[in-house]
Amino acid sequence: MIESYTHRLFNRADTPILYLCSFMRFIYRLLTTFLTCLPMLLIAVSWEFLPVRLPLHFTRYGLPDRFGNRYEWYGQLLGTLLLLVIVRALILRTVSNKLDKGQAQGPALYLITAGFVASFNALLILQGLYIRPLFAQWQPLLVALLASSFVYFAVPLSEPISGSKIRLSTLSQPQPISQWLHPLSRLIGIRVNLLAALLMVAVKPQDRWSIALMANVLAFLAIVILGLVKQRRSI
C-alpha cells in the first residue's frame, strides 16, 4: 500500500506544488509551536530571577490561598499549557475539513490559536509574578476575541454550494434566504463578540463573563429568529 501510494505521488505533475505545500505547513507548525512555548521559554531563561515563593491558587475574591516553590509553579504552568494545546488541537481538528477544502484560512487560524494559547499562559505567569488574579480578570476578554477571530477565519463568507456543477437556469431564480442568512449569522457572531470584548474593558472584572454570556445568547436568539423566518418563507 505504501509503495503504491509513493508511486502515485511521485508520478503526479503537481508533485513540486505538494512539496511546497508540505514545507509551508511545516513552517507554520514550527512557528506556532515556538509561539505557543514562548512564555515558558522566557520563564526558563529568567529562572534565577524568579521569586522563591509563588502563588499557586487564588480565591474567588482574588486573594492567594496557596503558595509553592518555583518548581511547583512551573509544573502547574506546564500542565495548563498541555491542556490548552490539546484544546487547540481539537479545535483545529474540528475545522480540518474546511481547511482541506480551502473554506477556512489555515495559516491565520494556526497563528491566532497559537497566539491565544500563549496569551492565556502569559496571563498565568503574570498573575504569579505580580500576585494578582489577572487570569480570572482578563480571561473573558480573550475568549471573546478568540471567538470573534475564529468565526472570521474559520467560517466561510458564503454558504458552500452543494454539487459540483451549477446550472445556468438556477442563476435566474430568486436567491434563497439561506444565501443571506449564512453571512448575516457570521457577521452577527463576529460583531457581537467584538462588542462584548470592548465592553469588558470598561466594566468590573466580575461582570465580564456575564457580558460575554448575554451577548452570545442574544446573538444566538437573533440567528434562531432569522432561521425561523427562513423556514416560514420557504413553506
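Please treat every number below as a calculation from the coordinates, not as lab data. Because the structure is predicted, anything quoted here is derived from the model rather than measured. Please note: Cβ atoms are built from the backbone with ideal geometry, for glycine as well, and neighbour counts cover all protein chains shown.
Charge tally around T36: other residues with Cβ under 14 Å, Lys/Arg +1 each, Asp/Glu -1 each, net +2. For F67, the residues whose modelled amide H falls within less than 5 Å of its own, excluding neighbours fewer than 5 places apart on the same chain, are L56. For the peptides 149-156, 44-51, 65-72, the ranking by packing is 149-156, 65-72, 44-51, with the highest mean count of neighbouring Cβ atoms within 10 Å listed first. Length gained on full extension, M24 to I91, computed as 0.36 nm times the residue gap minus the Cα-Cα distance: 22.1 nm.
Between I223 and T59, the C-beta separation translates, for a Förster distance of 22 Å, into a calculated FRET efficiency of about 0.05. Around the amide H of R132, modelled in the peptide plane, lies no amide H under 5 Å away from a residue 5 or more places distant or on another chain.
Dimensions of the stretch 108-149 from C-alpha coordinates, computed as largest minus smallest value along each principal axis and given longest first, are 33, 16, 7 Å. Whole-Hz Karplus values for the stretch 52-69 come out as 6, 10, 10, x, 10, 7, 10, 7, 5, 9, x, 10, x, 10, 8, 10, x, 7 Hz, taken residue by residue from phi with 6.51 cos²θ - 1.76 cosθ + 1.60 and θ = phi - 60°; glycine and proline positions read x.
Here the Karplus relation 6.51 cos²θ - 1.76 cosθ + 1.60, evaluated at θ = phi - 60°, turns the backbone of the stretch 116-123 into coupling constants of 6, 4, 5, 5, 4, 5, 5, 5 Hz, with x for every Gly and Pro.
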